[in-house]
Each structure stands twice: as structure tokens, then as C-alpha cells.
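Here is the structure we will look at.
The values are calculated or read from the model by the stated rules, or taken from the named source; none is laboratory data. If you're wondering where the values come from, they're calculated on a predicted model, not measured in any experiment. Neighbour counts are summed over all protein chains in view; Cβ atoms, including those assigned to glycine, are modelled from backbone coordinates with ideal geometry.
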Amino acid sequence: MPTLYLIEQNTYLRQSGDRLLLCKRPQKISKRSAPPRVDDILLDLPCADVDHVMLFGNIQVTTQALRKMLDQGIELALFSFSGQLLGQLTPPQTKNIPLRLAQFEQHQNDDFKLILAKSIVDAKLQNAVNMIRQHRRNHPEAISTEEAEELEQFVERVNNCETMESLLGVEGAGTAMYFKLFGRMLKPPWEFKTRTRRPPKDPVNAVLSFGYVVVGAEIQALMDGVGFDPYLGFYHCVDYGRPGLALDMLEEFRHPLVDRLALTLFNLQILSEDDFMRYGKGGIYLNTEGKRKFFKQYEKMLGELATTTDTAQTIRGFRTVFQQQIEKMMKAVQAGISYEPFSVGA
């Protein structure tokens, strides 16, 4: 079942029978509220066709629609217009208590945490290396052999890490090296000099930040659905309000999904300067039309696995991979065995 992305500002989500309606004009909430006019309905979907709703910005939701979504098992994630995750409405489902007990028990196991964290960082950096390798095949002049080999050395260093602190250092240095090279995979007029966030300072950073938040929210919802506590991570330390476990798994999808998506949006000129806006403290963000283009390409990529930085070959959908990786994480946590993160071959 699909995810429903609501980005049209000053609209209203309401319920009509077993359907969800997105309307142009807010309807007066009363015991006998009149049905919306046909011309005011922007979207009309049966609840059975919706699994997850992502709502961005100034969009109202009636209590009737909220009740229907809870009754139908539909997750609702609320974001600011700029893409900050504000919270989620989760249906009261039967929770997997044995899984949560195992998760909390393994969180006390420092050896388990370090081994799992090293596998995650190894996969993340290997995915970064593969991104660079794939680009160099078609564009060898963009990135030198020495630079590519320097990035590869960070993958080798992961196995030598004996503490979380040293692992964080290797990941940080390797990621910085990767982003130094990432900008060279972009075609003019787009530029990327360094990673900036909170707020993002340029269009490329705006897309990367937005994409990471969206994918993280999808993973968080799936984890919550199977019974994990998405806030108790093994690599990302406990921090109030931060979904550590979802962020752990997000690491393996940053480069092969979100970064590839960004390259597609910019290099194919799908996005233009008109799709961005300045907002808040000097940040650059996708506007409504930019989000519309983002989600159109995002949904397309979720149905395929890109195997190069220039093309995408349909193998299996990323949403299927999300579920498979969560199942692997469940087995690892419950049996105390190693976890195999997702990676795309070079």
C-alpha cells in the first residue's frame, strides 16, 4: 500500500465513509457538517489504499479523519513545511514485547552494540566508495584514483575500531571525504562544497536533508509497526526525542537511495532554482512545487534499485528492502547474532 504525501498548503484532510478526502477549503467542524463540494476535492482515496500519511506544513486534519486512520492502522507523520519531523500518530497495535525486551537487553551488551555499529558504518562507507567507483567508470576525469583510494582506506579502518568513540571518528572523517568528492558528481550549474544542515545553505543540501528525514520517518514507522522501540539505538546513543534505532538503519540507505535521488533530480534538470525558497534563519528549502517533483522521483526510485550513478535497473523495490532489513535486525537482536546491513555493489 502506498504512502500518501500531503504538501498542498491551506488544505484540509477529512473523512467520508471509508475514504480520505483532501479539500481546498476547510470545512466547518460540526455534528452535521456539510459534505465538501466536488470542485473542492483535490484527492479522494479509499483508506484501504493508504498505509502511511506524511503531512507537510499548514494542512488541517479533522478528528474524524484521525479516528479513521487509527481505526484502519494508518500511520500519520507530521512535518514542518521545511521538512522537520514534528511527531507521529501511531495506531494502537499489538506490540512485540519479547522483541522490545531483547532490544533493551542487547542495548546493555557493549560487545553486541560495537559489532552491530561497526557493520553499519562499514556498509555506509562501502556504499560511499561504490558511489564514487561507479561514477569514475563513466567520468574518470572527475575524481582521481588517489582520492578514491583515500576514501577506501576509511572502510579498512572500521575493523580496527575497538570503541564507539574511535568508530565515530572514522565515520566522520570518511563521510567528510565522501562529501568532498560528492560535489564533483553534479553537473553545472549546480554546486556542492560542503554538507550543511539546520539549516541547509544551498539547494543540494536542502534535498539531502529533506530526503534523509523522509526515509528516516518511513523506517521509523516500519520499526514501530513490528514492535521495535525506534528511539533506542545501538550506534546512535540515547538522546531525548531522537529515534536512534531508525537513524542506525538510515545510515545504510543514505548514499544508495537519497544521494542517488539528489543526483538524478539535479543532473537531469528535474529541479530548478524556482523549486527552492529561503525560509527561517537563512536556510534554503524545497517549496511546494519542489516537494512535488521530489516525491514523484522518490516514489519512482522506491520501486527500483539504482546500480550506477547514471541509470537505474529494476531489481526489487527499496520499500521491500526496508522491510527485509528490519527483519534481519529483528533476528540479530533476538538471537544475539551479527546484522548484515544493506549495500549496493560497485
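Criterion applied to Ala117, Ala123 was being of a type in the set (Gly, Ala, Ser), in contact (Cβ under 8 Å) with a residue 40 or more places away in the chain and closer than 24 Å to Thr264 by Cβ, and the one residue passing it is Ala123.
Of the residues that make up the range 249-269, is at least one in the same structural domain as Ala206 (by TED's automatic domain parsing), farther than 21 Å from Asn130 by Cβ and in contact (Cβ under 8 Å) with a residue 60 or more places away in the chain? No, there is no match, as no residue in the range 249-269 is in the same structural domain as Ala206 (by TED's automatic domain parsing), farther than 21 Å from Asn130 by Cβ and in contact (Cβ under 8 Å) with a residue 60 or more places away in the chain. Summed over the range 142-156, the residues that are surrounded by fewer than 16 Cβ atoms within 10 Å (Cβ to Cβ) and aliphatic (A, V, I, L, M) give a count of 1. In the range 247-262, the qualifying residues are those that are in contact with a helix residue (DSSP H, G or I) (Cβ under 6 Å, 6 or more places away or on another chain) and farther than 21 Å from Met223 by Cβ, and the one that is surrounded by the most Cβ atoms within 10 Å (Cβ to Cβ) is Ala262. The residues on offer are Phe234, Phe210, Phe228, and the sole one that is buried (at least 21 other Cβ atoms within 10 Å of the Cβ), closer than 23 Å to Leu78 by Cβ, more than 16 Å from the chain's Cα centre (by Cα) and assigned by TED's automatic domain parsing to the domain that holds Pro189 is Phe228.
Quick one: which residue in Gly290, Gly283, Gly345 is among the small types (Gly, Ala, Ser), over 19 Å from the mean Cα position of the chain (by Cα) and at pLDDT 85 or above? Lay out the reasoning, then the answer.
Details: Gly290 fails: over 19 Å from the mean Cα position of the chain (by Cα); Gly345 fails: at pLDDT 85 or above.
Exactly one residue qualifies, and that residue is Gly283.
Of all residues in the range 131-158, how many are farther than 19 Å from Ala176 by Cα and in a loop (DSSP other than H, G, I, E, B)? Counting residues in the range 131-158 that are farther than 19 Å from Ala176 by Cα and in a loop (DSSP other than H, G, I, E, B) gives 3.
Would you confirm whether any residue within the range 316-332 is farther than 30 Å from Phe104 by Cβ and modelled with pLDDT under 95? Yes, there is a match, as at least one residue in the range 316-332 is farther than 30 Å from Phe104 by Cβ and modelled with pLDDT under 95.
Assessment of the range 91-102 against the conditions (surrounded by 14 or more Cβ atoms within 10 Å (Cβ to Cβ), more than 18 Å from Ile326 (Cα to Cα) and at pLDDT below 95) yields at least one matching residue.
Mind checking whether some residue in the range 63-76 is under 30 Å from Lys201 (Cβ atoms), small (Gly, Ala, Ser) and at pLDDT 85 or above? Among the residues of the range 63-76, not one is under 30 Å from Lys201 (Cβ atoms), small (Gly, Ala, Ser) and at pLDDT 85 or above, which makes the answer no.
Picking from residues in the range 297-315 that are surrounded by 13 or more Cβ atoms within 10 Å (Cβ to Cβ) and closer than 23 Å to Gly83 by Cβ, the one that is modelled with the lowest pLDDT is Ala306. Whether a residue is closer than 24 Å to Tyr178 by Cα and surrounded by 23 or more Cβ atoms within 10 Å (Cβ to Cβ) was assessed, and Leu268 does not pass this test. Per the conditions (1) more than 13 Å from the chain's Cα centre (by Cα); (2) of a type in the set (S, T, N, Q); (3) not in a loop (DSSP other than H, G, I, E, B), the sole criterion not satisfied by Gln220 is (1). For the range 46-57, taking the residues that are closer than 11 Å to Leu20 by Cα and surrounded by 14 or more Cβ atoms within 10 Å (Cβ to Cβ), the one that is nearest to the chain's Cα centre (by Cα) is identified as Val53.
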